Structure formats: C-alpha cells, structure tokens
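Input: a single structure, listed below in structure tokens.
Throughout, read-outs are computed from the coordinates displayed, never taken from laboratory work. These numbers come from a predicted model, not from an experiment. We place every Cβ from the backbone using ideal geometry, glycine too, and count neighbours over all the protein chains shown.
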Amino acid sequence: MCGIVGYTGSRQAYPVILKGLKRLEYRGYDSSGVALLKDGELNVYKKKGKVAELEESMIGKNIDAQIGIGHTRWATHGEPSDRNAHPHSSASGKLAMIHNGIIENYALIKQDLVNKGYSFKSDTDTEVLLNFIEDIQQNNNSTLEEAVRIALKRVTGAYCILLIEQDNPDTIIAARKGSPLVIGIGKGEHFLASDASPIIEYTKEVVYVNDYELAIVKPDELILKNLGNEKITPYITKLDMELAAIEKGGYDHFMIKEIFEQPSTIFDCLRGRLDAKEGVIRMSGVDKHIDQLINANRIMILACGTSWHAGLIAEYIIEELCRIPVEVEYASEFRYRNPIVNKGDVIIAISQSGETADTLVALEKAKENGAFIFGVVNAVGSSIARISNAGAYTHAGPEIGVASTKAFTGQLAVLMMVALNIAKHKGTVSDERYKSLLLELEEVPEKVTAILKNAEDIKIIAEKYKNASDFLFLGRGYNFPVALEGALKLKEISYIHAEGYPAAEMKHGPIALVDENLPVVFIATKDVYHEKIVSNMQEIKARKGKIISIVTEGDMISPGLSNDYFAIPPADELIAPILTVIPLQLLSYYVGIAKGIDVDKPRNLAKSVTVE
Ligand code: M6R
C-alpha cells in the first residue's frame, strides 16, 4: 500500500514523479505529494485526494528541480488529510521523507522525541521515523546515510523509505524492509519506485532492492549497502514488460480491459507449458522439484482475498487429482498462530502482487520451519517470487484495477497444470482423464472469448439489480469458491453487501434472508451437483427470491427457475471455475459502473496490501 517514486538526474523531476504517481495510484489514493529540491531550496507540496487533485493544486507552483520524491497514500496512521499526506518534513525542515509501510514501535519512539521537546505536525508513524533519523543525525553529527542506518536498526515494522536532504543536492537515500523498491538505471539518472511501472518508459535495466538494504542514489552512481554498512553489488535485471501493458488501451477502465484480456492472458499462461497433443505439461518449477512435490505429506496453501479463493479451488482439484491432503489458510491467520509445519510439507503461496505483507511474513515463518515454498505469483521479481524455493508465474501481465480478475484466472490455470503434473507423476490420475483435462484446458481461452462476446447481456442484468442492498452468491463443489469470489468482487466495486455460501448451507441460516428483494446468484453449471443445486434454486424460488443463474449452454432446467440467466460453454467441473467467474466479474463491473463508482479505485482499498 502506498506508492513511492523518486528521481535524480538531469530531467525535470516533477513530470517524471507525477506520471509515476498516476501509475502507482492503484496502491493508494487517499492523498499524494511531492518534495522537490533545487539550489538548497526544499519544497514540499501535498494534497488530500487523488493524484489529479495534487496536479491541479500544483498549477503556478515552483516545480523546477532535477531531484525529487513523490508519494500516493493509503492511510494507516492518521486520517486522509493534507497534513497526514507525504512527503513529511523533519523538524528542522532540512529533510523530506516518504514511506510505504508501518513503523510498529512508533509510539515509543514518539514519546522519547516528545520528551526531548519535539512536536509533530501529523498523526503519522512516518513523521516519527523522520524526526528520529534527524535526531540521530544531529546528536551524532553523522551523515544522513549513517543516521538512517542507525535508526532502522531500532525500528520494527515494514518500510520502504526515500529521503532527500536540503544540503545534498543530488542524492536520494532509500531503504526497504517488507515493502517493495525497484531502482531503474538510466544514463546519468536513476528512478526509484514501488514497482516498475513508473520506470519502464525510461529504462529497462532495474535493480530490485532486498530487505535490510540501503541505497545511496545519485545521478551517476548507485551504491547498495546492508544495514551493517557493507557494500553489496547491485544485481541488474532486464524488465520484461511493455508500456502498452500498463495503459488502458481504449477501454474506460483497467478492470474491464483486464477482464477482456483474459483469453490472451490465459493463453499466455498455458503457452509453452501445455501440449495437449503430446499429452505433456512442462513447468520447470515443477519438473525440477517433482520428487519434493509428489512426496509431500501435505500441501498448505497460503494467500489472501481473491488469491485465497483460487487456493480453495486448488484444494478441491489437488485432493481429487493428486490424493495429497490440502489445507488452505488465510496468510493473516497463519502468521500469528502456532501452526504445525513439518519438513515434508509443501506450501503453495498464491499472490498477484507478490508483495502482500501477510502472505510474505507467513511464508518466512513456514520457511523457517523447513517447509518447501512453491510460489504462484503474477508480478515477476516480486518479494514472494523471490522468497519461494520454486514456482510458476501466472503471466497475466500487470494487473492495475484494484479488483483482481485476470490474475485469478491465471492462478487457476497454473494451479490446474501443477495438479495435473503432480498427479501424472504420482500415477493418481488415469491417462484418459489426464488427456481430457489437458484438452479442456487448452480450449479455455476460446471459451472465455465466447463468454465475453455476450458481455452486454450481463450489463442488462446489472442494470436491473443495481439498486439491491444485498446479494447472495451460491455454488457447490468447485463452484463454491467462485460464489465467494463473486461476492467479494461485488462488495469491493459496487459497495453492495454480498455473501457467498455453499448452496447447501442455505438451510442452516442464510435462507432467513430471502425475500422478493434479494437477488440470489446461483452458479449452476452442469456437474455432479447439478440436481442438488436445482433443488436449492427451487427453495429460493419458493421464497420469492430473485434468481440470477450462471448455467451451462443447453441446460433446459435451471433457466426455467431463474428470473435471469447467463449461459456459458460446457466444461469439465474442474475447469468450470475459470469460466463461471467471468460473468461474475462482469456483473460486478457493470453494477459498479451503473452506480457511478470509480471501479479501478474503489474507496478504502489499495491494490497491493503491503501492511498487515
Ligand atoms: O496480490 P495478492 O494476490 O496477494 O492480493 C491479495 C488480495 O489483497 C487481493 O486478492 C484482493 O482481495 C483483491 N482486491 C480482490 O479483488
């Protein structure tokens, strides 16, 4: 959460930073700000609201500078406001700092500083850390770099910080622990950001800074050190990302662009891995570690949000195909309890961003206990990808809309291939079933295209139900987690209360909610549960609930029970979730739009949850 950008070089810093902040706005949009340094003058400008509001407030301001830092905030300590916006200025006014993360022991440090006579202009933990750094600098008569190093050894929590100093005309000091930082290397210039999107149009050469590393960044020089002041050789990687991938490309919103990209993102995910004709799946991350995977005593899946839903579907698939016990857990719960993790356990970590703080910390904990970590990650080079012992990227490309869509279907495609691969090696799937699933998987991009052709039908349904105050989503088996995902999508971008349930659980409580005003979305595709779910539809119909169903083409029963329905191509029940989720993504998008919500940046949310 929170996006940070920095620049030092010969260009005007402000336009580079502003553009970068717009690209990083998905990480938080409660307020934004910039600090610009020129000829010993350090100017800090900040504004509550989205980056566009900062931009407007900057008209007529002095923006001439070749070095600067900028921030877009997702509020943790202190309400969204001008004064809590970053950058923060130190007590002397000589330092400016931006921060992504949370300083957990800030209250103690603040008390010490207050006792020394400091007062604070904001409610943030960031201002506390900044004044702590300045206090160390002044008391020890040390350089900023030294003061940062000393301070960071004494703080707990997560941070990525960038600082500039009035008396240091071209240097940015940066450091990270738990929050991401990428440094782009240009000719006589450097770019710093939370991810590569603000950097990509200037250079493809980047360094991913690791935890507990500190960077001293000047136009012509990048020095990396650890907190023990030892130099580290920067490891330069080439970005494999095109500018077009992070732009809207003619769509109104990133979310709808990303929904419509799914035929190609799923194709890219399968490409080079799945060969249905030959009957093989090639995944180097699996192939190299196949013994570890097939001999796993147990698989634990750790994730949050939508990625957790992908994990629930994977649980059903892996247990069915591989006969290995699977447990799926919220990373946020796992990290704070005392879980039993043994050597032969395999942990599958699922994450779009690869930066989710809870997942990352949970993995660190599991790794300490000797577990083998297999990462299913979208963001290449991200922290979770790097902490994993092995893994497979989802190759969905940058996902910018806050609601996860194409990353979810990519996760399902990868997890399906991993399961099939393990099952094949383990001999727990018949040749016939294995081949038919491979063929079915290969057909998914085409079937998604067919679903998207009828997107307008979902728009009509969305218009009809946009004013409902609650929704229920019901599914069984592989489609139960899809019901959870449908409810989450609707909540986040339409602000309508929604719940997902296994359809059979209705009778144990939620059916009391049903009346003529309640839309109930059934994921009722043809599978072994079909007759059962039809009975559940009858039960809702009898209580006058409004039924919207996702059915299989050719189904003659479910549409007759529904007020509205949407048909999708037939698919094996293990594959179906990749298809059934698409109309639900569209439904939430069109309801959100109909309600005038900024679906790419819904209130209170941020794309990448890098704080706990
Ligand atoms: O980047 P991750 O997949 O680790 O993120 C996990 C969740 O924060 C994320 O899926 C969130 O629930 C989305 N906003 C859902 O659309």
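Descriptive notes on the structure:
- Mean-position separation - Cα centroids, region 544-593 and region 484-501, in angstrom: 15 Å
- Highest mean packing comes first when the peptides 131-141, 174-184 are listed by Cβ atoms within 10 Å, giving 174-184, 131-141.
- Principal-axis tilt of helix 144-154 within the chain, Cα atoms, nearest 10 degrees: 50 degrees
- Mean separation of Cα pairs under 8 Å and 6 or more residues apart, divided by the residue count, gives region 265-442 a relative contact order of 28 percent.
- Integer Hz, Karplus 6.51/-1.76/1.60 couplings in order for region 387-392, x for Gly and Pro: 7, 6, 6, 7, x, 9
- Of the trypsin sites (Lys or Arg not before Pro) in region 254-311, the ones in a loop by DSSP (not H, G, I, E or B) with at most 15 other beta carbons within 10 Å are Arg271, Lys277, Arg282, Lys288.
- Computed FRET value (nearest 0.05) for Glu221 with Lys121, which takes r as the C-beta separation and R₀ as 35 Å: 0.60
- Distant-in-sequence amide H partners of Ile373 (H built 1.01 Å from N, under 5 Å): Ile347, Asn389, Ala390
- Seen through its C-alpha gyration tensor, with square-root eigenvalues sorted a ≥ b ≥ c, region 282-386 comes out rounded because a/c lies under 1.5.
- Averaging the Cα positions of each part gives two centres, and for region 131-175 and region 27-79 these lie 20 Å apart.
- Distant-in-sequence amide H partners of Phe522 (H built 1.01 Å from N, under 5 Å): Leu474, Ile548, Ser549, Ile550
- Folded to 0 to 90 degrees: helix 13-24 orientation relative to the chain principal axis, Cα: 20 degrees
- Protection-proxy order for peptides 46-53, 160-167, each taking the mean of Cβ atoms within 10 Å per residue, highest first: 160-167, 46-53
- Each part gets one Cα centre, and for region 437-463 versus region 351-383 those centres are 31 Å apart.
- Computed from backbone phi with θ = phi - 60° and the Karplus coefficients 6.51, -1.76 and 1.60, the 3J(HN,Hα) list for region 408-422 is 5, 5, x, 4, 5, 5, 5, 5, 5, 5, 4, 5, 4, 5, 5 Hz; x is used for glycine and proline.
- Net lengthening on full extension, Thr156/Glu443 (0.36 nm per residue, minus Cα-Cα): 98.4 nm
- Region 518-525 - phi-based ³J(HN,Hα) in whole Hz, Karplus 6.51/-1.76/1.60, Gly and Pro as x: 9, x, 10, 8, 9, 9, 10, 6
- Global geometry of region 265-442, whether rounded, prolate or oblate, following the gyration tensor of its Cα atoms and the 1.5 cut on a/c: oblate
- Of the trypsin sites (Lys or Arg not before Pro) found in region 310-404, the ones in coil according to DSSP and having at most 12 other Cβ atoms within 10 Å of their Cβ are Arg337, Lys343.
- Whether the chain is rounded, prolate or oblate, judged on the alpha carbon gyration tensor where a/c under 1.5 counts as rounded: prolate
- Under 5 Å, built H, 5+ apart or other chain: amide partners of Val328: Ile301
- Degrees between helix 576-594 axis and first principal axis of the chain (Cα, 0 to 90, nearest 10): 60 degrees
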